[in-house]
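Enquirer: This is the structure I want to talk about, given as structure tokens.
The values are calculated or read from the model by the stated rules, or taken from the named source; none is laboratory data. Just so it is clear, the structure is predicted and the values come from calculations on it, not from any experiment. Cβ coordinates were reconstructed from backbone atoms using ideal geometry, including for glycine residues, and neighbour counts include every protein chain displayed. Quick note on the areas: whole protein, heavy atoms, side chains included, nothing else; ligands and nucleic acids left out. Shrake-Rupley method; radii C 1.70, N 1.55, O 1.52, S 1.80 Å.
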Amino acid sequence: MNVRTPLLIFILAVCQITPAEAGVFDRMRGWIGLGGKSRTEETKKTLPRIRVGAFTGGTGASAQQALRKELLDSREFFVAGADEKADFTVEGTSVGGRVDGRLRDAKGKELFQRAYAAPGLDENLKALTDDVIYTITGRPGLATSRIVFVSDATGKRQIYVCDAEGGEVHQVTHDKNGAVSPSLSPDSSMIAFTSYRSGFPIIRLLDLNVGWERGVTDTPGSSFGSAFSPDGTHLAAVMSFIGNPEIFVSDLNTNTAACVSDSVGAPSSPSWHPNGREIVFSSDDGDGPRLFIVEVPQKDGQSSRLFRWRTGYHFCTDPEWSPDGRHIAFTTRISGEWAVAIKPYPNGGVHVVQTGGAQHPSWSPNGHFITYVQHGELFVHDLRSGNRRAIVRGHGRITEPRWMR
């Protein structure tokens, strides 16, 4: 036995090392020579191996270096060195920030060749990175994804957008009475939000490309808490023009709306299943908010089916379906404090992701991360490793983040 092994066993027994400290423990295993595979070795075997080949042209060297960083940051690949074997190779040219990228497999077969001509080199490389990720893994990348959130940095709650790293933060609404409850369209070109400019809540649409803005329906009464359907053609929202607030589905092409719920409580926070046929929402009938599922009619004349979805908690809000439809994240209360939890759908045990004031969870497009707020700061949480980090802080009090789907 290695002479240092008894020391490790003693440390374990006395300190009672927890799973959260496993990373430190793995390093100790290597130090005392207990064997086992390093994380780097495991990564090399479990992740696709990609090489960043030569990029010619005036900005080619900068493009090659920046692309390598983007691929490393994605954590979708093991980025191989020049002399290491690789399953895929990405290469190309870059002149004046424009990028022409090519992806080949290990046999030399070209998987795609595309040109990226956005104004900036970084923007083009992010788009190339996402195309590489989607082509190899079948999952969307995050390099070009956006997160929308609410902040009171100007004194009034307004809506802001940032990238997945918390950069490029900019304000998109300037409503005199504030704007809340944003939802991004699937292609990230449009935001639905709740405006108070008329004195009561009403949902409005804002096109981020051309800047036009309009209401969702011509019906009277309040409307709030919207969510785009997976195909971007419909909007689920809470509307009260028939009396008691209910969940409605609005057709964005015709500006018509149909009621899909029939509750006696106060519904809020609808979220679509990726199949476009179910909506989860929170409703409070006076005994605390619970989660409910409603099946959306697919044809005129069909009735909807509504049922309660039990989580094991008596207070549940802000539900959102995962991109694959297999889990729902939501906010609950644990020991009197807000917490973010995830439960498999339709059945399974609850996994508490973060306690101590965390709320408003939203899934990344690839389902590997969730974003949420805690004490007014915006966090991104890696569900695979458990690591998390604040990506926007010191920007007023942040609430209601939503990741583009």
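Enquirer: Leaving out ligands, DNA and RNA, and with a 1.4 Å probe, what % of the accessible surface on segment 72-197 is carbon or sulfur?
Expert: About 46 percent, which is the carbon plus sulfur part of the accessible surface.
Enquirer: Is any residue of segment 282-309 close enough, with backbone N under 17 Å, to a label point placed 7 angstrom from the Cα of R333 along the Cα-Cβ axis, and if so, which?
Expert: What the label zone holds, given the 17 Å backbone N cut-off, is 282-291.
Enquirer: How much length, in nm to one decimal, is gained on full extension between R102 and Y134, taken as 0.36 nm per residue of separation minus their Cα-Cα distance?
Expert: 10.1 nm
Enquirer: How large is ³J(HN,Hα), in whole Hz, for each residue of segment 381-398 in order, when computed from phi with the Karplus curve 6.51 cos²θ - 1.76 cosθ + 1.60 and θ = phi - 60°, using x for Gly and Pro?
Expert: Using θ = phi - 60°, the values come out as 10, 7, 6, 7, 9, x, 6, 9, 7, 7, 9, 9, 9, x, 10, x, 9, 9 Hz.
Enquirer: OK, next. Could you work out how far apart the two model spin labels at N255 and A54 are, taking each label as a point 7 Å from the Cα in the direction of the beta carbon, and quote it in nm?
Expert: Taking the two extended label points, one gets 5.9 nm.
Enquirer: Find how much the distance from S198 to S385 grows on full extension, using 0.36 nm per residue of separation minus their present alpha carbon separation; answer in nm with one decimal.
Expert: 62.8 nm
Enquirer: Which whole-Hz ³J(HN,Hα) couplings does segment 326-335 yield from phi under the Karplus relation 6.51 cos²θ - 1.76 cosθ + 1.60, θ = phi - 60°, glycine and proline marked x?
Expert: With the stated coefficients, segment 326-335 comes to 9, 9, 10, 9, 7, 9, 9, 10, 10, 6 Hz.
Enquirer: Next question, about the same structure. Subtract the Cα-Cα distance of A117 and E295 from 0.36 nm times their separation in residues, and report this length gain in nm to one decimal.
Expert: That works out to 59.8 nm of additional length.
Enquirer: HN-Hα J couplings of segment 367-372 from phi, Karplus 6.51/-1.76/1.60, θ = phi - 60°, integer Hz, Gly and Pro as x?
Expert: x, 8, 10, 10, 10, 7
Enquirer: Tell me, what is the FRET efficiency for K176 and R310 to the nearest 0.05, using R0 = 45 angstrom and their Cβ-Cβ distance as r?
Expert: For K176 and R310, the calculated efficiency is 0.60.
Enquirer: With a probe of 1.4 Å, find how much accessible area segment 256-405 has per residue, and write the answer as a whole number in Å².
Expert: 45 Å²
Enquirer: Sticking with this one: Restricting to lysines 8 or more places apart or on different chains, can you count the pairs in the chain with Cα atoms under 26 Å from each other?
Expert: 23
Enquirer: Another question, if that's okay. Using a 10 angstrom cutoff on alpha carbons, build the Gaussian network for the chain and name the most mobile of T331, T194, T135.
Expert: T135
Enquirer: Nearest 10 degrees, 0 to 90: what angle lies between the long axis of helix 22-32 and the longest principal axis of the chain (Cα atoms)?
Expert: Between helix and principal axis, roughly 10 degrees.
Enquirer: Here's a follow-up. Compute a Gaussian network model of the chain, connecting alpha carbons closer than 10 Å, and tell me which residue from I370, I247, I136 fluctuates the most.
Expert: Looking only at I370, I247, I136, the largest GNM fluctuation is found for I136.
Enquirer: Right, another one. Identify which of V380, V95, V161 has the largest mean-square fluctuation in a Gaussian network model of the chain, with springs joining Cα atoms closer than 10 Å.
Expert: Checking each option, the largest mean-square fluctuation is seen for V95.
Enquirer: Turning to a different aspect of this structure: If ligands, DNA and RNA are left out, what is the accessible area of L121 with a 1.4 Å probe, given in Å² to the nearest 10?
Expert: That residue has around 40 Å² of solvent-accessible surface.
Enquirer: Continuing with the same structure: Counting other C-beta atoms within 10 Å, and keeping those with at most 11, which DSSP coil trypsin sites (Lys or Arg not before Pro) do you find in segment 125-231?
Expert: Here the sparse-neighbourhood loop sites are K176.
Enquirer: For the full complex of protein chains and a 1.4 angstrom probe, list T233, T89, T154, T46 by accessible area with the highest value first.
Expert: The ranking, largest first, comes out as T46, T154, T233, T89.
Enquirer: Taking every pair of distinct Cα atoms and averaging 1/r, then inverting, what Kirkwood hydrodynamic radius in Å comes out for the chain?
Expert: In the chain this quantity evaluates to 23.5 Å.
Enquirer: Also: Tell me, what is the 1.4 Å probe accessible area of Y345, in Å² to the nearest 10?
Expert: 50 Å²
Enquirer: Now for a different question. Residues with beta-carbon under 13 Å from that of Y196, excluding Y196: net charge, scoring Lys, Arg +1 and Asp, Glu -1?
Expert: +4
Enquirer: Same structure again: Determine the dipole magnitude for the chain: charges of +1 sit on the beta-carbon of Lys and Arg, -1 on that of Asp and Glu, nothing else is charged, the reference point is the Cα centre, and the result goes in debye to the nearest 20.
Expert: In total the dipole reaches around 1080 debye.
Enquirer: Got the relative contact order for segment 158-253 handy, in percent, Cα pairs under 8 Å and 6 or more residues apart?
Expert: 18 percent
Enquirer: Tell me, what % of the accessible area of segment 262-369 is carbon and sulfur with a 1.4 angstrom probe?
Expert: With neighbouring chains kept in place, the figure for segment 262-369 is 44 percent.
Enquirer: Could you pull out the longest piece of the chain with no exposed loop GluC sites (Glu not before Pro) in it, calling a site exposed if DSSP puts it outside H, G, I, E, B and it has at most 12 other Cβ atoms within 10 Å?
Expert: Between the exposed loop sites, the longest stretch runs 169-405.
Enquirer: Would you pull out the residues with amide H under 5 Å of I398's amide H, same chain only if 5 or more places away, H placed 1.01 Å from N?
Expert: HN-HN under 5 Å from I398: G376, E377.
Enquirer: Now for a separate question. Quick check on the chain: helices-only [θ] at 222 nm, where DSSP H runs of length 4 and up contribute -39,500 (n - 2.57) each and the sum goes over total residues. Nearest 500, please.
Expert: About -5000 deg cm²/dmol.
Enquirer: Here's something else I'd like to know. Order the following by accessible area, largest value first: H234, H360. Probe radius 1.4 Å; ligands, DNA and RNA are ignored.
Expert: Listed by decreasing accessible area, they come as H234, H360.
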